[in-house]
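Engineer: Sharing a structure with you now.
The values are calculated or read from the model by the stated rules, or taken from the named source; none is laboratory data. If you're wondering where the values come from, they're calculated on a predicted model, not measured in any experiment. No Cβ is skipped: glycine too gets one built from the backbone with ideal geometry, and neighbour counts run over all protein chains shown.
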Amino acid sequence: MEFAVQELCIAYGARVLFDALSFVVERGQRVAFAGHNGAGKSTLMKCIIGDIRPDAGHVVLPRHTRVGYLPQDGIHLSGVPLLQEVLDSVGDVAEMSRQLESLSADFQKMNPSDPSYRDTLEELGRLELILQDHDAHSLRPRAETILRGLGFGNEDFTRDCGEFSGGWQMRIALAKLLLREPDVLLLDEPTNHLDLQSQRWLEQYLRGYRGAICIISHDVALLDSLVSRTIALHHGRAEEYAGNFSYYLKESAARREARKKAAKSQQKQIEKTRAFINRFRYEASRAGQVQSRLKQLEKIELIEEESDEDIMSFHFPPAPAGGATVVELQYVSKAYGNIHLLKRFNFRMEKGDRIAIVGVNGAGKSTFSRLIAMTEEADSGTVKFGFHTHVAFFSQTHADVLDPSQTVLECVEQAASRETLPIVRNLLGCFLFHGDDVFKRIGVLSGGEKSRVALVCMLLHPANFLIMDEPTNHLDVESQEVLQRALAEYPGAFCIVSHNRSFLDPLVNKVLEFRPGHNPRLFYGNVTQYLEKIEADAADAADSSGKLSSSAPRPTEKNRQLLRRERALAREHAARVIKPLQTELKKVEEDIAARDARKAEITDLLDKPDVTSDANLLRSLTEEYRQLDSESESLFSRWAELSEQIDEHTRQTH
């Protein structure tokens, strides 16, 4: 067992979040925490790590179980270079390495007759064994591999963490967590700030993770490939589903329907029993039967039927009529210091366009959103709205700038116009803010609840052009589906910044890709078709040094032979490159194995009395061990470089 939640109870005033919540997570399990926004998923994780004290019940963590937690947001690091910050996260290993180095230096000067000589020797052996178990000499190459997988380049390793934006800050926090390899990994929306490539890498990494994983995510594809168990939180209780997330969605719908039928059947039985009691209450001959029925009613446990109110439902306000052109950019340039996001970029969005904006973080997607929303000015060029364009802009930071001291109702009423003020309460109800929920302070809301408040504020202004920057980041799966249906019915144009492929694919007809150092490029089709296109282009580029232009004539047999020969030469060249790399890799692996074997011999020798009594021999062996450890670290770094080079050249041959 990795941990257990036993009879957990948490209430905020009259609202009961958990009521006798209990479950166990076993070693190596992959568990999804599911439930609508505000059900308590993030609160549960904070209870597990001890940040929140429950009103009753407790979390049982076996001794020495290490728990790592990635929150949704709120991380800011600065003052330390990126790679050093990640390496320092393995504080116990780093500290033990420093202790070992200091003790080794002291040990070199000690006299065997010193009373502390034996204790120091034993402490050196203990530290060596622990560091060997933690594979300490491979920490640096592992940290570099994780950072590259999360989208950082080698040139970023020496940059101060404070230079990175909020999304990259969360990546740093995730890298630190993965390097530490805790026994239990608690991940709250880990893909919110990752691009498509980093999402794919993280999915593969987590599939091979040795510890238990508990994850909150609205990325169905990630959950389906990772989890084998779902714990759904609903009305304070936990329901178990032994399957992936799609199984949970299907099975939970079936359970709701079964519960609904059972509740109706129970109600009919109750009404029939009451009718019998009322009919024969005053007949002496039926007194025993009446008393029996009364006792039956008292013992009945009413089946809770889920309310349809728990599912968000809304439609966008009618869009005002607009012209053929929605927005146009002419020779627009935008830069931050030496980083040029747009250079004399021309772009026109027309009526009926439904565009997905994709690309790596920092390439300019959010900046572009602000430019076309005219909340930020271009350095040069012009941005113009079309005739009668009415824009509504949802920024991923809108939820963060809400006034935490206001109530939900005050916040939304402040954003409403005189025409839309009367529908505020109805609109809040559509977004799951019922009854007294509208009087909750913004500061106590979950991330998903804040996002819903920000969406409501946006919807209060009818528009024919929507700009949405990561609208699904904090929405649960059911809410995403409702928003998706509403956008499918929406008659206006929209741009959506998102990496949520399952959300975007049914909606968009164009994809605008942002690339660092280049102007954006436009693709026709949805996100899946865009990915297939760039993968095909990459394959073509790898197969040949040139590419046939679209205006070129159909290739002749001679051209085909020439193309096949070029591809064969490319593969032959790659093979010539790969072979020496593989030879060096094998040599590096042999060198690592030889050093590991010698270190094991030294460890055995240090346990022998005739060695421990020889001060000079002890110093020599200890120094040799330190030298071997240093060499192993360098060899592991080279091993990681060679492996990446071989993988890259291998991909080019296929």
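Engineer: If you take just the helices (runs of 4 or more DSSP H) that sit entirely in the stretch 408-466, which of them hold at least 2 residues that are closer than 23 Å to ALA14 by Cβ and not assigned by TED's automatic domain parsing to the domain that holds ALA493? Reasoning before the result, please.
Structural biologist: Details: elements: 408-415, 424-430, 447-459.
Those helices (runs of 4 or more DSSP H) do not exist here; none qualify.
Engineer: Does the stretch 337-352 include one or more residues that are assigned by TED's automatic domain parsing to the domain that holds PRO506, among the aliphatic types (A, V, I, L, M), out of contact with any Lys or Arg (no Cβ under 6 Å at 6 or more places or on another chain) and loosely packed, with under 14 Cβ neighbours inside 10 Å? Talk me through it step by step, then tell me what you get.
Structural biologist: From the stretch 337-352, those assigned by TED's automatic domain parsing to the domain that holds PRO506 are 337-352; that's our starting set.
When the remaining residues are screened for being among the aliphatic types (A, V, I, L, M), the result is 339, 341-342, 349.
Keeping just the survivors that are out of contact with any Lys or Arg (no Cβ under 6 Å at 6 or more places or on another chain) gives 339, 349.
Next, only the ones that are loosely packed, with under 14 Cβ neighbours inside 10 Å stay: 339.
Yes: one or more hits.
Engineer: Considering (1) at negative phi; (2) loosely packed, with under 14 Cβ neighbours inside 10 Å, say which one GLY50 fails and leave the rest.
Structural biologist: All conditions pass for GLY50, except number (1).
Engineer: Something else: Out of all the residues in the stretch 599-625, which are surrounded by 15 or more Cβ atoms within 10 Å (Cβ to Cβ) and in contact (Cβ under 8 Å) with a residue 40 or more places away in the chain?
Structural biologist: Once the filter is applied, which keeps residues that are surrounded by 15 or more Cβ atoms within 10 Å (Cβ to Cβ) and in contact (Cβ under 8 Å) with a residue 40 or more places away in the chain, the stretch 599-625 yields LYS599, THR603, LEU606, THR612, ALA615, LEU618, ARG619, THR622, TYR625.
A quick yes/no check of all residues on (1) outside any loop (DSSP other than H, G, I, E, B); (2) at pLDDT 85 or above; (3) under 34 Å from the mean Cα position of the chain (by Cα):
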position	(1), (2), (3)
ALA275	yes, yes, no
ARG279	yes, no, no
GLU305	no, no, yes
SER313	no, no, yes
PRO317	no, no, yes
TYR331	yes, yes, no
LEU342	yes, yes, yes
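Engineer: Any idea which of (1) farther than 23 Å from PRO62 by Cβ; (2) out of contact with any helix residue (DSSP H, G or I) (no Cβ under 9 Å at 6 or more places or on another chain); (3) modelled with pLDDT of 90 or more is the one ILE172 doesn't satisfy?
Structural biologist: (2)
Engineer: When residues of the stretch 265-275 are filtered for being closer than 14 Å to ILE300 by Cβ and without any contact (Cβ under 8 Å) to a residue 24 or more places away in the chain, how many remain? Spell out how you get there, then give the answer.
Structural biologist: Taking the stretch 265-275 as the starting set, the residues that turn out to be closer than 14 Å to ILE300 by Cβ are 265-274.
Remaining after also requiring without any contact (Cβ under 8 Å) to a residue 24 or more places away in the chain: 265, 267-269, 271-272, 274.
Here the count works out to 7.
Engineer: Would you please name the residue that is farthest from the chain's Cα centre (by Cα), looking only at residues in the stretch 493-528 that are within 17 Å of LEU222 (Cα to Cα) and either without any contact (Cβ under 8 Å) to a residue 12 or more places away in the chain or part of a loop (DSSP other than H, G, I, E, B) (or both)?
Structural biologist: Of the residues in the stretch 493-528, the ones within 17 Å of LEU222 (Cα to Cα) are 498-505, 527-528.
If we keep only those that are either without any contact (Cβ under 8 Å) to a residue 12 or more places away in the chain or part of a loop (DSSP other than H, G, I, E, B) (or both) too, we end up with 498-500, 505.
Details: SER498: 13, HIS499: 11, ASN500: 11, ASP505: 20 Å.
Once the filter is applied, the top-ranked residue is ASP505.
Engineer: Here is a follow-up. Hey, does the stretch 369-390 have a residue that's under 27 Å from GLY517 (Cβ atoms), in a helix (DSSP H, G or I), in contact with a Lys or Arg (Cβ under 8 Å, 6 or more places away or on another chain) and not charged (D, E, K, R)?
Structural biologist: Taking the stretch 369-390 and keeping what is under 27 Å from GLY517 (Cβ atoms), we get 369-384.
Now drop any that are not in a helix (DSSP H, G or I), which leaves 369-372.
Restricting the remaining residues to those that are in contact with a Lys or Arg (Cβ under 8 Å, 6 or more places away or on another chain) gives 371.
Checking the rest, the ones that are also not charged (D, E, K, R) come to 371.
Yes: one or more hits.
Engineer: What number of residues within the stretch 373-415 are surrounded by 17 or more Cβ atoms within 10 Å (Cβ to Cβ) and closer than 30 Å to ARG200 by Cα?
Structural biologist: Result for the stretch 373-415: 6.
Engineer: Can you tell me which residues in the stretch 344-363 are at positive phi and modelled with pLDDT of 90 or more? Lay out the reasoning, then the answer.
Structural biologist: At the first step, the residues of the stretch 344-363 found to be at positive phi are 344, 352, 359, 362.
Within the stretch 344-363, ARG344 is the sole residue that qualifies.
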